[in-house]
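*Asks:* Sending over a structure as structure tokens; questions will come in a sec.
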């Protein structure tokens, strides 16, 4: 079974802090994704990566950056957390040629106070 | 992307088959039908996808009508753990595609 793990299930940070969210997948998938999910707004893509050191902006990249130094690991960075970044963050991965067959981690519920 | 229409909610008895419909009357020839579900407070879970033939895996079956304007996801023996929101998505298969979920169907499996 594909396994996608995220570093924390719940996280509370203060405004202005730098926040790192880590995601690791164990199925040698080329594609990795970071989404956020908010009530009434659904799932929104922040960034994705289709290879090591490659990244592409999604729909809402402002205030975020990403890092993919190894194939299995995709990190999301909030440079200076703000209260409007309080959300559920979801990481996913997929094979290169099966981009819509995505496997998700359990999510990190981030609260910024 | 083709628009999809799903019922807002449905109940199902434990142990019975759950049949979840999805209408996608504007689907184009190269668009696939994907199904995901999301159990409360968990990440979305891929279930199954298909182009025009019926598909079956260990989780569910997908029946696509001959004109491809609608489909049905079948959970053959629903359990309480199948209680979730189920999303039908119609998209072109391409690397790096983003997922977006519509309203979905909230399925409640009752004992």
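*Asks:* Only one of these is touching a residue at least 12 places away in the same chain (Cβ under 8 Å), away from chain A (no Cβ under 14 Å) and under 23 Å from residue B:31 (Cα atoms): B:73, B:80. Name it.
*Replies:* B:73
*Asks:* Still on this model: Restricting to segment A:31-43, and then to whatever is more than 8 Å from chain B (Cβ to nearest Cβ) and surrounded by 13 or more Cβ atoms within 10 Å (Cβ to Cβ), can you tell me which residue is nearest to residue A:91 (Cα to Cα)?
*Replies:* The extreme case among them is A:34.
*Asks:* Could you tell me whether residue B:37 is buried (at least 16 other Cβ atoms within 10 Å of the Cβ), modelled with pLDDT of 90 or more and farther than 15 Å from residue B:63 by Cα?
*Replies:* Yes: the conditions hold for residue B:37.
*Asks:* So, one more: Within the bounds of segment A:65-78, is there any residue that is crowded, with 19+ Cβ neighbours inside 10 Å and within 11 Å of chain B (Cβ to nearest Cβ)?
*Replies:* Scanning segment A:65-78, I find no residue that is crowded, with 19+ Cβ neighbours inside 10 Å and within 11 Å of chain B (Cβ to nearest Cβ), so the answer is no.
*Asks:* Further, regarding this structure: Of the residues B:88, B:12, B:22, only one is within 23 Å of residue A:105 (Cβ to Cβ) and either more than 10 Å from chain A (Cβ to nearest Cβ) or at pLDDT 95 or above (or both); which?
*Replies:* Selected residue: B:88, the only one of B:88, B:12, B:22 that is within 23 Å of residue A:105 (Cβ to Cβ) and either more than 10 Å from chain A (Cβ to nearest Cβ) or at pLDDT 95 or above (or both).
*Asks:* Separate question: I'd like to check something: does segment A:16-23 contain any residue that is within 12 Å of chain B (Cβ to nearest Cβ), loosely packed, with under 13 Cβ neighbours inside 10 Å and either closer than 27 Å to residue B:35 by Cα or out of contact with any helix residue (DSSP H, G or I) (no Cβ under 8 Å at 6 or more places or on another chain) (or both)?
*Replies:* No, segment A:16-23 has no match at all.
*Asks:* Let me spell it out: the conditions are (1) exposed (fewer than 15 other Cβ atoms within 10 Å of the Cβ); (2) under 28 Å from residue B:104 (Cα atoms); (3) away from chain B (no Cβ under 14 Å), and residue A:86 meets all of them except one. Which number is the exception?
*Replies:* Condition (1) is where residue A:86 drops out.
*Asks:* Here are some residues: B:11, B:67. Which one is in a strand (DSSP E or B) and over 13 Å from the mean Cα position of the chain (by Cα)?
*Replies:* Going through B:11, B:67 in turn, just one is in a strand (DSSP E or B) and over 13 Å from the mean Cα position of the chain (by Cα): B:11.
*Asks:* Now for a separate question. For segment B:91-110, which residues satisfy the criterion of being at pLDDT below 85 and assigned to a strand (DSSP E or B)?
*Replies:* Result: B:92, single match.
*Asks:* Quick one: in segment A:1-11, which of the residues that are surrounded by 12 or more Cβ atoms within 10 Å (Cβ to Cβ) and at pLDDT 95 or above is nearest to the chain's Cα centre (by Cα)?
*Replies:* A:6
*Asks:* Could you tell me which numbered condition residue A:94 fails, if it satisfies all but one of (1) out of contact with any helix residue (DSSP H, G or I) (no Cβ under 9 Å at 6 or more places or on another chain); (2) modelled with pLDDT of 95 or more; (3) within 14 Å of another protein chain (Cβ to nearest Cβ); (4) buried (at least 21 other Cβ atoms within 10 Å of the Cβ)?
*Replies:* (2)
*Asks:* Additional query: Is there a residue being free of Cβ contacts under 8 Å to residues at least 12 places away in the same chain and in contact with a strand residue (DSSP E or B) (Cβ under 9 Å, 6 or more places away or on another chain) anywhere in segment B:31-40?
*Replies:* Taking every residue of segment B:31-40 in turn, none turns out to be free of Cβ contacts under 8 Å to residues at least 12 places away in the same chain and in contact with a strand residue (DSSP E or B) (Cβ under 9 Å, 6 or more places away or on another chain).
The values are calculated or read from the model by the stated rules, or taken from the named source; none is laboratory data. These figures come from a predicted structure and were not determined experimentally. Cβ coordinates were reconstructed from backbone atoms using ideal geometry, including for glycine residues, and neighbour counts include every protein chain displayed.
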